[in-house]
Amino acid sequence: MKSASSLRNMSNWEATYRMVPISCGSPHTQRYYDNIRLVDEGVAALVADMDRRFPDNGTAYIFTADHGMTDHASHGDGAPANVRTPLVTWGAGLSFAGGAEKRSAREYHDDSLSRSQSYSYSYGLSWSDEGLLARRVEIDQAQLAPLMSALLGLPCPVNNVGLLPVELLAGSKEFKARAAWANARQLLASYGVQADRVRSTAFKFVPYAPLADGGEVAGLVMKGLLESGDYVAALRLAQTTGRLAVEGLAYLQVRSSVAPAMTALHSFYVPVSALSTSTIDH
């Protein structure tokens, strides 16, 4: 991933998408490990090619997937092995989260297999490569959009619903604070648009209480913090505001489903009521 300015200045550039077929075999089989080796070799070749084309050490890499796979070679349901995908980041603008972290195993009950059968998954185990420990940092897939936007120096997509994972970013405190605030402003704007939509259809619109002012006060406070150079407090405020905006969007999603449900209920109630009245009259 190159910066926006470097991409604009390039006369030729290419995007590479490498995919291993989903039917790569059940885990722990030779076919499965052969496909892993194929992916490793493909990534190594891609990185070598990028380093040759751009020897400025200014490339960021994000390696991930759209879904995982259980030991039964299934995917598409809500099993942790399916919804927890790999995420490996390295290169320019990305931090190294050093230190080991342990987390307890979690239990998952899969009704599709057996009511008496459950599977235990160990999460957060530290990884070691030649004595180098790396802490696993877990994020939502929606957070990839603001992360890539920050690395590219571009605005967040207008429909983004993810919070910027600041812990994965390298750079100054000012950069992190301003990037997190840009993310929060985009989320506030999304909340405002959605609030207008719900307001236009709701019988009685009640805004999300923490955002009753639309984030105006937070904006004024943020302006002062950035001007005074208090980037630690600015980052804290940006992250808090972003979380409130995400919560507000979830709140509005529930509200937006109430009006159609009430309308459907009313349309059902009127004919039934008329039928009951007619029956009584007769």
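Coordinate-derived values only; no laboratory data. For clarity, every value in this text was computed on a predicted model and none was experimentally measured. A quick note on method: Cβ atoms are made from the backbone with ideal geometry, for glycine too, and the neighbour counts reach across all protein chains shown.
Label-to-label distance for residue 34 and residue 57 is 4.0 nm, based on points extended 7 Å past Cα in the beta-carbon direction.
Computed from the C-beta positions of residue 216 and residue 167, the FRET efficiency with R₀ = 30 Å rounds to 0.60. The simple Förster model, with R0 at 25 Å and r as the Cβ-Cβ distance, assigns residue 45 and residue 65 a FRET efficiency of 0.85. Here the extension length gained between residue 236 and residue 142 equals 31.8 nm, from 0.36 nm per residue of separation less the Cα-Cα distance.
The distance between label points at residue 193 and residue 77 comes to 3.6 nm (points 7 Å beyond Cα on the Cα→Cβ vector).
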